[in-house]
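Colleague: The structure is given below, and queries will be raised subsequently.
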Amino acid sequence: MDCPKCGEPVQADTEFCGSCGQALAVPAAPLAPTAVAPPLATPTPALAPVSHPTKNKAVAGLMLSTLAIPASILPILGLVLGISGLVLGTISRQYGKKVLSLLAIIFGGIAIALSLGVWVHAANQYDQSRQSKQSAALSSAISNAYAKIPI
């Protein structure tokens with residue numbers, strides 16, 4: 001027997017041509033009769049409607065973003081909540097619930113900005129505190145050195 005597509009010789013009992021992959025007509029084996037089960041008399045119950053998960057993502061994003069604003073006092077917590085709310089708001093915006101998603105994105109951005117602002121302010125306060133301690137120690141050392149000089 002030859003392949004109808006490429007003309008290569010193939011065995012009679014193969015399903016596909018080894019050269020080109022063409023499906024070959026294989027004579028079907030006679031099927032034994034099987035018993036058919038009677039149809040069920042009970043109707044299948046209707047499935048309950050499933051809510052789309054993006055609605056929950058929009059609500060969760062808005063909640064996280066809203067919580068992130070007061071949590072910005074602790075910058076790490078504010079950043080984590082703000083970024084989470086921003087991501088969930090962005091994901092849910094593609095599938096609907098545009099108002100909730102937009103609010104989650106806006107509040108998330110505000111929370112991220114506040115967290116970064118608090119972080120920068122705390123770093124500046126730390127630097128000023130450290131510099132004032134160093135200058136106080138330096139002025140103390142200088143006054144002690146002048147006090148030891150005999151006049």
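Computed from the coordinates by the stated procedures, all read-outs in this text should not be read as laboratory data. As the structure is a computational prediction, the values presented were derived from the model and not from experiment. Note that we place each Cβ from the backbone using ideal geometry, even for glycine, and neighbour counts take in every protein chain shown.
Colleague: So, in the stretch 54-100, exactly how many residues are free of Cβ contacts under 8 Å to residues at least 40 places away in the same chain and small (Gly, Ala, Ser)?
Modeller: The number of residues fulfilling the criteria is 6.
Colleague: Applying the selection to the stretch 1-20, what residues are surrounded by 13 or more Cβ atoms within 10 Å (Cβ to Cβ), of a type in the set (A, V, I, L, M, F, W, C) and more than 47 Å from the chain's Cα centre (by Cα)?
Modeller: Passing the criteria: CYS3, CYS6, VAL10.
Colleague: Only one residue in LEU116, LEU77, LEU64, LEU138 is in a helix (DSSP H, G or I), in contact with a Gly (Cβ under 8 Å, 6 or more places away or on another chain) and surrounded by 10 or more Cβ atoms within 10 Å (Cβ to Cβ), so which one is that?
Modeller: LEU64
Colleague: Does GLY96 satisfy being under 23 Å from the mean Cα position of the chain (by Cα), of a type outside the set (A, V, I, L, M, F, W, C) and assigned to a loop (DSSP other than H, G, I, E, B)?
Modeller: yes
Colleague: Further, regarding this structure: Filter the stretch 59-105 for residues that are of a type outside the set (A, V, I, L, M) and touching a Leu at 6+ places or on another chain (Cβ under 6 Å) and give the result.
Modeller: GLY61, SER72, SER84, GLY85, listed by residue number.
Colleague: I need the full set of residues from the stretch 92-101 which are touching a helix residue (DSSP H, G or I) at 6+ places or on another chain (Cβ under 7 Å) and under 12 Å from LEU62 (Cα atoms), in order please.
Modeller: SER92, ARG93, LYS97, LEU100, SER101
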